1. Between residue 251 and residue 93, what's the calculated FRET efficiency when r is the beta-carbon distance and R0 is 41 Å? Round to 0.05.
2. If I take every Cα pair under 8 Å that is 6 or more residues apart in the chain, average their sequence separation and divide by the length, what percent do I get for the relative contact order?
3. Which semi-axis lengths, in whole Å and largest first, follow from the square roots of five times the eigenvalues of the Cα gyration tensor of the stretch 1-118?
4. Stretch residue 188-residue 106 to full length: gain in nm at 0.36 nm per residue minus the Cα-Cα span?
5. In Å, what Rg and Dmax follow from the Cα atoms of the stretch 48-196?
6. Multiply the residue gap between residue 180 and residue 222 by 0.36 nm, knock off their C-alpha separation, and tell me the result in nm, one decimal place.
7. Evaluate the distance, in nm, between pseudo-label points positioned 7 Å from the Cα of residue 118 and of residue 77 along their respective Cα→Cβ axes.
8. Per 10 Å bin, what percent of the C-alpha pairs of the stretch 81-163 does each bin hold, from zero upward?
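Each value in this text was obtained by applying a stated rule to the coordinates, not by laboratory testing. Quick caveat: nothing in here was measured; it's all calculated off a predicted structure. Neighbour counts are summed over all protein chains in view; Cβ atoms, including those assigned to glycine, are modelled from backbone coordinates with ideal geometry.
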């Protein structure tokens, strides 16, 4: 088991629970999609898994070790993290930016060595963005920046990759490129926890899915069993059709028209 979260609860003020009694696990090569509306505790749960925040109750184990017993650099050697968005402040080249992912493997006051450069180059090649290695991250599109962020996480050589809404700010084409990259990384053996607002993406690549609502998991299991119109209605408060589309060869989620501003068949 790569990731094991047992009966986890967290509160910022010690009274109001941000989430409670959360249990989930991930094996090598598995993708778990975590769904839920904004403010339900997904990002806070990620911070607890990374040991940025301390659980009020329960435990998180990574590769059999409690994260509470691990130093930050030890966690960083095990877990790669890709946040929701990254705003470039300094015009680092993509190569220099990805090299920052080697920080957990470099001792204090040392500089990256030959092996670190090799690992960075491997990360570029692994996701097919070697052509971006010299480009400034301040000049990149959203899709390019997201791929470089993933490459930086891969340079850490993680067994677990956590992505917080990796496709939220991308166009449809770059969403599919990102999803395909995540799928390939899982096929290579990395365990992946992905927070997403797109149930369709869970159908595309997830081995399992979970829905967090009001700080509790209301459903967990195979994506086909978890992502239902009833569960989505409870989680998001809107009606969403879940249908198999013959032409697409898969199940899709289609929100119902909430305002009636266009009738059926109108363009």
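1. Using R0 = 41 Å, I get an efficiency of 0.50.
2. This gives 24 percent for the chain.
3. Largest first, the stretch 1-118 gives 29, 17, 14 Å.
4. Full extension from residue 188 to residue 106 adds 27.0 nm.
5. 15.3, 46
6. Between residue 180 and residue 222, full extension yields 13.2 nm more.
7. Roughly 1.8 nm, to one decimal.
8. Taking every Cα pair in the stretch 81-163, the percentages come to 19, 54, 26, 1.
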